[in-house]
Amino acid sequence: MSGWLRRILLLLAVGVLLALRAWLPSSGNHPSTRHPDPGQPRPQASQKPATGTGEAVRPASNRSNSEIASGDGFDFYVLSLSWSPSYCAAEGGKADRQQCAAARPYAFIVHGLWPQNERSYPRDCPANHQQVDFKIARGLSDIMPSVGLIRHEWKTHGACTGLDQADYFRILRAARDKVSVPAQYRQTDRYRQVAPGEVEAAFLRANRRLPANGVSVTCDRRFLREVRICLTKDLDFRSCPQVDKQSCRRSKVVMPPVRGG
């Protein structure tokens with residue numbers, strides 16, 4: 001076989017391989033997806049070196065919605081506590097007024113109670129009732145001051161627990177009651193620069209049974225945003241390395257003050 005013919009055949013073979021590679025679905029390394037909750041702190045940026053927030057756990061793709069909604073579709077809970085002043089400062093005019101009006105002195109609020117698997121999480125499961133009962137929403141105003149947030153959390157996460165609305169939000173409140181917020185972070189009347197590691201350490205001291213890898217403090221490029229704590233279905237503290245690795249790695253972040261308090 002002549003040299004020019006071998007070169008033509010080699011080029012054709014390479015072209016076929018490249019075409020097959022482009023056509024076949026990828027087997028891994030899918031883009032990470034975080035819990036997107038409009039009207040609340042936006043998902044952390046995926047650029048780990050810039051924000052220090054790490055990679056999020058990917059949504060489950062190997063279970064049907066009916067299996068998830070059966071109550072056996074997740075392994076544990078993640079309770080997310082949002083520093084409300086950070087959300088209000090970051091969102092500005094786009095922030096939810098129920099939460100951020102001047103007379104609303106909110107510090108840490110419940111962002112959500114998320115069902116979580118060891119390597120994934122379910123979301124957007126079918127539910128008999130998409131809208132949250134008004135009495136339920138009103139009864140949560142002290143810990144979740146936005147009706148829009150409450151409705152979103154039920155539709156996106158709560159329905160995936162297999163619980164009805166009343167039971168899900170009862171568990172959500174019980175989970176919040178389980179966690180002690182350190183005294184120094186219950187109120188603040190001035191801008192504070194804090195080390196995320198110091199905030200995490202304070203939560204560990206205030207919650208003696210909380211393992212070191214069972215809590216994650218997240219941030220954006222400037223503000224401390226959330227404290228995420230892992231709980232069993234019985235609401236006992238537990239470890240969760242995949243959540244812990246999302247912790248903020250910045251040396252200092254800002255906690256804006258509580259207004260109107």
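The values are calculated or read from the model by the stated rules, or taken from the named source; none is laboratory data. In this text the structure is predicted, and so the values were computed from the model without any measurement. So basically every Cβ, Gly included, is an ideal-geometry build from the backbone, and we count neighbours across all protein chains shown.
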Practice item. Give me the pairs, please: first residue somewhere in segment 86-97 and of a type in the set (S, T, N, Q), second residue anywhere and modelled with pLDDT under 90, beta-carbon distance under 7 Å, and either six or more positions apart or on two chains. Key: Ser86/Pro41
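Being in contact (Cβ under 8 Å) with a residue 24 or more places away in the chain and over 23 Å from Tyr106 (Cβ atoms) is the filter here; which residues of segment 198-209 pass it?
Correct list: Arg209 only.
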Revision key, fill the gap. Of the conditions (1) part of a strand (DSSP E or B); (2) crowded, with 16+ Cβ neighbours inside 10 Å, the single one that Leu210 does not satisfy is (1)
Study note, to complete from the structure: Those residues of segment 142-172 which are in a loop (DSSP other than H, G, I, E, B) and under 22 Å from Arg97 (Cβ atoms) amount to Asp142, Ile143, Met144, Pro145, Ser146
Revision key, fill the gap. Scanning segment 174-183 for residues that are free of Cβ contacts under 8 Å to residues at least 40 places away in the same chain and either over 18 Å from Val215 (Cα atoms) or touching a Phe, Trp or Tyr at 6+ places or on another chain (Cβ under 9 Å) (or both) gives Ser180, Pro182
Study note, to complete from the structure: Counting only residues in segment 129-173 that are closer than 23 Å to Ser84 by Cβ and acidic (Asp, Glu), the one surrounded by the fewest Cβ atoms within 10 Å (Cβ to Cβ) is identified as Asp142
Revision key, fill the gap. Of the listed residues (Arg228, Arg176, Arg221), the one being part of a helix (DSSP H, G or I), under 20 Å from Tyr87 (Cα atoms) and within 17 Å of the chain's Cα centre (by Cα) is Arg176
Exercise for review: Consider only pairs whose beta carbons are under 7 Å apart and that are at least six residues apart or on different chains; among these, list those whose first residue lies in segment 116-135 and is among the aromatic types (Phe, Trp, Tyr) and whose second residue is surrounded by 11 or more Cβ atoms within 10 Å (Cβ to Cβ).
Suggested key: Tyr121/Val57; Tyr121/Pro59; Tyr121/Ala60; Tyr121/Trp114; Tyr121/Pro115
Exercise for review: Scan segment 179-197 for residues that are loosely packed, with under 12 Cβ neighbours inside 10 Å and either within 19 Å of the chain's Cα centre (by Cα) or within 21 Å of Arg250 (Cα to Cα) (or both) and jot them down.
Suggested key: Arg190, Tyr191, Gln193
